[in-house]
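Everything below concerns the one structure shown next.
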Amino acid sequence: MYTSTCSTSGRHGPSVLHKVSEKRRVMDVHRRGGGVTVVCSSQSDREAESGSIQTVVASAPQIRFRKATDRARDQLADLAVLNERLSRADGVEAARARRRVDFMKRSRKTWAKVYDYVMDNDVECTLSAIEEANLKVLQMLDEQYKDRSSIDSMKATLESLQAEVEEAQDRLQRTQKNIDANVERVNELKQTARILEQSFSPTNDILQEQVPGQSGKKNGLQSSLRLEPELKEHWFAVQFSSKLEENMMIPFDLFNEPWVLFRDSEGKAACVKDECAHRGCPISPGKVIDGEVACPYHGWQYDANGSCTKMPSTKMCPGIKVKALPIVEVDGLVWVWPGAQKPVGSPEGLGAPPEGFKLHAEIEVEVPVEHGLLIENLLDLAHAPFTHTSTFAKGWPIPDIVKFTANKALSGVWHPYPINMEFRPPCITVSTIGLAQPGKIERDVTAED
């Protein structure tokens with residue numbers, strides 16, 4: 001076995017130099033006093049002792065070599081302590097100086113920068129000057145740490161923002177896909193609507209008109225219903241008789257035409273078009289004078305037949321008139337006939353209450369919907385216990401099933417409610433509800449019971 005020991009001992013630990021001249025050697029390092037012994041074995045010895053040597057090598061302390069700069073920094077410390085000892089005769093102060101220097105040398109990085117600062121700035125090698133330099137170095141390192149922390153924080157913020165941008169881009173892509181899908185769906189619906197419009201285009205004299213009573217207004221539901229001219233050939237109830245008082249005009253729209261109700265000199269109901277033959281001004285804002293309506297613009301007057309009877313401030317022209325509708329008062333209602341044909345029959349009985357019923361209220365409610373929807377709503381009693389909970393259906397239980405039984409054409413009974421429903425052309429719905437008292441309803445009985 002070949003052994004080579006090369007060591008130097010100093011105040012701050014061993015400094016070891018060794019030379020390797022044999023290939024593939026294993027070193028076993030031991031500390032002995034102030035030196036280091038390096039034991040090198042031959043190939044045969046290593047094979048016999050490989051297990052124990054590897055354990056020793058793994059547990060042995062690492063050897064650190066001092067460079068020239070390390071020795072120079074140590075010399076700076078020694079010189080500072082020496083100067084402190086020379087300036088003070090007390091040995092205790094010298095020992096304190098050594099401790100103060102050793103305290104500053106605890107951080108190799110900081111002490112290296114102190115050494116560089118002293119060398120670069122030609123600082124006196126006194127303990128106070130070195131401590132001042134150490135303080136400046138610490139301040140500089142603290143600023144660098146803050147800057148590095150700020151940079152790290154900014155990097156973290158930037159990464160967070162980048163993640164948010166990526167997430168937003170992902171959401172934008174999903175939204176764009178949804179928009180594209182919706183646009184495609186809308187285009188498909190438009191194409192379907194065009195096909196339906198072409199397939200339902202009129203091939204006869206069917207007349208497309210707006211819903212009666214809407215006057216072209218764009219509020220509420222809009223209807224594309226094509227009304228046949230024959231629909232006008234019916235009696236239509238337009239007002240309660242009790243509401244049409246003497247010297248009063250009541251305007252209304254019917255089949256998108258303006259009309260006005262009033263009573264003539266005999267107290268009979270009359271209906272003329274609400275449009276003066278002179279300048280087209282509405283007549284209804286005017287006055288009723290001796291059973292005739294007077295236009296508020298120039299004072300032209302019209303009788304119950306629509307004939308103009310007075311033309312103030314101008315020469316009277318005979319034969320001037322506005323359109324008038326056939327009109328009757330039956331069962332407490334004012335009825336008009338808007339059709340072109342001669343009225344057929346009488347509306348008597350269409351709006352009369354059943355025998356034995358007493359009239360309590362006459363209510364008029366304007367609903368901006370197509371009349372077919374309104375009729376369907378009145379004929380649908382399944383919604384009553386959900387919608388009319390504060391009026392006639394207050395306290396009604398919700399049935400398991402609502403069944404309509406027809407007892408004759410266009411009429412029937414809603415089970416389990418005691419309600420009879422009937423549709424009377426052209427647009428009348430008659431509901432007969434059997435209630436002993438409001439909110440109290442009996443099941444499986446009829447309205448007559």
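The values are calculated or read from the model by the stated rules, or taken from the named source; none is laboratory data. Remember, it's a predicted structure, so these values are computed and weren't measured experimentally. A quick note on method: Cβ atoms are made from the backbone with ideal geometry, for glycine too, and the neighbour counts reach across all protein chains shown.
What about E246, is it in a helix (DSSP H, G or I), surrounded by 10 or more Cβ atoms within 10 Å (Cβ to Cβ) and at pLDDT 80 or above?
no
For every residue, the table says whether it meets (1) among the hydroxyl-bearing types (S, T, Y); (2) at pLDDT 95 or above; (3) more than 20 Å from I250 (Cβ to Cβ); (4) assigned to a loop (DSSP other than H, G, I, E, B).
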| site | (1), (2), (3), (4) |
| --- | --- |
| S265 | yes, no, no, yes |
| A270 | no, yes, no, no |
| I283 | no, yes, no, yes |
| T314 | yes, no, yes, yes |
| C317 | no, no, yes, yes |
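I'd like to know if the stretch 296-305 contains one or more residues that are assigned by TED's automatic domain parsing to the domain that holds K323 and part of a strand (DSSP E or B).
Yes, because at least one residue in the stretch 296-305 is assigned by TED's automatic domain parsing to the domain that holds K323 and part of a strand (DSSP E or B).
Tell me which residues, restricted to the stretch 419-434, are within 17 Å of W335 (Cα to Cα) and either within 44 Å of the chain's Cα centre (by Cα) or in a strand (DSSP E or B) (or both).
Selection gives R424, C427, I428, T429, V430.
Could you list, in sequence order, all residues of the stretch 330-364 that are in contact (Cβ under 8 Å) with a residue 24 or more places away in the chain, hydrophobic (A, V, I, L, M, F, W, C) and closer than 17 Å to Q239 by Cβ?
Residues satisfying the conditions are L333, V334, W335, V336, W337, L350, L359.
Name every residue in the stretch 175-207 that is small (G, A, S), in a helix (DSSP H, G or I) and modelled with pLDDT under 70, in order of residue number.
S199
Among what's in the stretch 376-400 and is within 16 Å of T429 (Cα to Cα) and in contact (Cβ under 8 Å) with a residue 40 or more places away in the chain, pick the residue that is surrounded by the fewest Cβ atoms within 10 Å (Cβ to Cβ).
Within the stretch 376-400, the match that is surrounded by the fewest Cβ atoms within 10 Å (Cβ to Cβ) is L378.
Could you please find all residues in the stretch 319-357 being more than 24 Å from I250 (Cα to Cα) and touching a Leu at 6+ places or on another chain (Cβ under 9 Å)?
P353
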